[in-house]
Amino acid sequence: ALKGGSRFQVSAALTEGRVAPTELCQRCLSLIKSTKFLNAYITVAEETALKQAEESEKRYRRGQPLGVLDGIPIAVKDNFNTAGIETTCASNMLKGYISPYNATVVQRLLDQGAVLLGKTNLDEFAMGSGSTDGVFGPVRNPWSYSRQYKEKSVPKSHSEDEESNWVITGGSSGGSAAAVSSFTCFAALGSDTGGSTRNPAAHCGVVGLKPTYGLISRHGLIPLVNSMDVPGILTRCVDDAAVVLGSLAGHDPKDSTTIQDNFKPFEVPNLTDVSKLSIGIPKEYHAPGLSSEILALWSKAADLFKNAGAKVIEVSLPHTRYSIVCYHVLCTAEVASNMARFDGLEYGHRSDMNKSTESMYAATRREGFNDVVRGRILSGNYFLLKQNYENYFIKAQKVRRLIANDFVKVFGSGVDILLTPTTLSDAVPYMEFIKEDNRTRSAQDDILTQAVNMAGLPAINVPTGLSERGLPLGLQFIGQSFQEKQLLTVAKWFEKQVKFPMIQLEVKRHDHSAFQHQKSASFS
């Protein structure tokens, strides 16, 4: 039932009784245990998941499944609140914190019968681009243990320690990307503030969707940058992303920034004729540091559309070059504001320092936050000082408007979709990644994804090919505001053309046969 990747296959298998939700759940839990070394999960909610699977099984027996997600194992990034399950944001500040309520997106998945396996690892408070800075340690990219990578990258000599060759997942939703990539779940939630869903999706060879700002509720997502945060969706194919989007999107009275209209879930059509499409290639995305492999892949993808009859034109987004500096100001300013709630009084870590309230505040935040978080708080408060507010924060808001207007002009000129790289290169080894500080790395890695968050537009990473080292490379499609159907339709057509290879996981000390069972299964 779980072999192959035909549409609605696993859901059909569940409906027809060829596989039970409890069996599916147990297989995924078994895989989580055998891939524990990836460090993709912070919390595994085994007992809760099995109970949810049993309830799902009863509904299938009655012939009353709640929907296409009923019985489907999913994972959630550990910055979404989950009732009864610890929510840590990979920080000492929230270790042991159990939320009294579910985030809206989590509740909507549960209402559809999805089985929540656990909470996935991330950079502390989602501040990072490698999933390496959380208090629970870095996440390892499943492709580090793939036959494709080993054959091309690991030396034949046994003298070099294989453990030193593993590569990062990207971030900050690296745990969710690794969970989907290693077959431990069928879909996962991430968050996307500057590319935190699309970046790890590209590095882990999965689909990563960042919806339009306001399409999906942020209620219960512990905020990083309120004006840019969007819940992201990670799956193994575009169709699956559309199914999850259909369950999550729409108005939420608990989030005033969500759309007022009801969202109508859609099935992604099979595009046969692309001749009416206009694909824009932004010249500014030929950024410094872009690898020759990514550039060649980008060019090849543009030719693919052109040869299929689509109109492919070079466009300009002139203010893109300012987006990273602008983002640094706006991001840190909102971080400084958001992190003020963690004071040791109401919830989370509280220091034993009791000389005074002020000393308790200071000690709590020193003990609870890592250097990255404290650094962003300091920067943000500096930009928000009375003497700096006009020169930094207000100017950054004006530049943000110019960046958003660039996209409006391009789409207003008749362009339907923008095609860009997602990352500058394939995933780098962990030992190489940590040579540079978080600020430097984030500035480099967000350069191709961040402007989309400034403008609030939808974007998706589609895994496209393998690098010379046998690691995934992805390309990004950017759509018009609230035009997810068009975006996913084009992404699905492209996905079919490129036929991205399935990961061949080779982990000697773990249950290799289990990987074969779920090799290319998708629930839709």
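The values are calculated or read from the model by the stated rules, or taken from the named source; none is laboratory data. For clarity, every value in this text was computed on a predicted model and none was experimentally measured. Reconstructed Cβ throughout: ideal geometry from the backbone, glycine too, with neighbour counts over all protein chains shown. With ligands, DNA and RNA removed, areas are computed over all heavy atoms of the protein, side chains included. Shrake-Rupley method; radii C 1.70, N 1.55, O 1.52, S 1.80 Å.
S256 passes every criterion in (1) open to solvent by 10 Å² or more (accessible area, probe 1.4 Å); (2) small (G, A, S); (3) touching a Pro at 6+ places or on another chain (Cβ under 8 Å) apart from (3).
One residue is enough: does segment 410-418 have a residue meeting the conditions modelled with pLDDT under 95, of a type in the set (V, I, T) and under 28 Å from C237 (Cα atoms)? For segment 410-418, residues modelled with pLDDT under 95, of a type in the set (V, I, T) and under 28 Å from C237 (Cα atoms): absent.
For D437, the conditions (1) open to solvent by 10 Å² or more (accessible area, probe 1.4 Å); (2) within 16 Å of the chain's Cα centre (by Cα) all hold with the exception of (2). Considering S181, S176, S172, the condition of being of a type in the set (S, T, Y), out of contact with any helix residue (DSSP H, G or I) (no Cβ under 6 Å at 6 or more places or on another chain) and buried (at least 24 other Cβ atoms within 10 Å of the Cβ) is satisfied by S176 alone. Has segment 470-478 got at least one residue that is within 19 Å of G130 (Cα to Cα), in contact with a Pro (Cβ under 9 Å, 6 or more places away or on another chain) and open to solvent by 10 Å² or more (accessible area, probe 1.4 Å)? Taking every residue of segment 470-478 in turn, none turns out to be within 19 Å of G130 (Cα to Cα), in contact with a Pro (Cβ under 9 Å, 6 or more places away or on another chain) and open to solvent by 10 Å² or more (accessible area, probe 1.4 Å). Counting the residues of segment 227-250 that are in contact with a Ser or Thr (Cβ under 8 Å, 6 or more places away or on another chain), in a loop (DSSP other than H, G, I, E, B), under 19 Å from A103 (Cα atoms) and touching a residue at least 60 places away in the same chain (Cβ under 8 Å) gives 1. Scanning segment 85-99 turns up no residue that is in a helix (DSSP H, G or I), over 25 Å from R341 (Cβ atoms) and open to solvent by less than 50 Å² (accessible area, probe 1.4 Å). State yes or no: is Q450 modelled with pLDDT of 95 or more, surrounded by 17 or more Cβ atoms within 10 Å (Cβ to Cβ) and either touching a helix residue (DSSP H, G or I) at 6+ places or on another chain (Cβ under 8 Å) or not β-branched (V, I, T) (or both)? Yes, satisfied.
Considering each of N381, N388 in turn, give the residue that is farther than 30 Å from Q486 by Cα, open to solvent by 70 Å² or more (accessible area, probe 1.4 Å) and of a type in the set (S, T, N, Q).
Values: N388 fails: open to solvent by 70 Å² or more (accessible area, probe 1.4 Å).
The match here is N381.
Collect the residues in segment 126-147 that are at positive phi and within 16 Å of the chain's Cα centre (by Cα), keeping them in residue-number order. Let's see the steps before the verdict.
Here is the first cut: in segment 126-147, the ones at positive phi are 126, 128, 131, 137.
Within segment 126-147, A126, G128, S131 meet the criteria.
Does segment 3-23 contain any residue that is assigned to a helix (DSSP H, G or I), surrounded by 22 or more Cβ atoms within 10 Å (Cβ to Cβ) and at pLDDT below 95? Checking segment 3-23: at least one residue is assigned to a helix (DSSP H, G or I), surrounded by 22 or more Cβ atoms within 10 Å (Cβ to Cβ) and at pLDDT below 95.
In summary, helices (runs of 4 or more DSSP H) completely within segment 273-374 and bearing 3 or more residues that are open to solvent by less than 10 Å² (accessible area, probe 1.4 Å) and closer than 28 Å to N226 by Cα occur at 323-338, 357-368. One residue alone among G220, G195, G214, G208 is in contact with a Leu (Cβ under 6 Å, 6 or more places away or on another chain) and touching a residue at least 12 places away in the same chain (Cβ under 8 Å), and that residue is G208.
Identify, from the list G67, G71, the residue that is in a loop (DSSP other than H, G, I, E, B), open to solvent by less than 40 Å² (accessible area, probe 1.4 Å), under 24 Å from D252 (Cβ atoms) and among the small types (G, A, S). Selected residue: G67, the only one of G67, G71 that is in a loop (DSSP other than H, G, I, E, B), open to solvent by less than 40 Å² (accessible area, probe 1.4 Å), under 24 Å from D252 (Cβ atoms) and among the small types (G, A, S).
Checked against the criterion of being closer than 17 Å to A188 by Cα, modelled with pLDDT of 95 or more and in contact with a helix residue (DSSP H, G or I) (Cβ under 7 Å, 6 or more places away or on another chain), the candidates L110, L117 yield just one match: L117.
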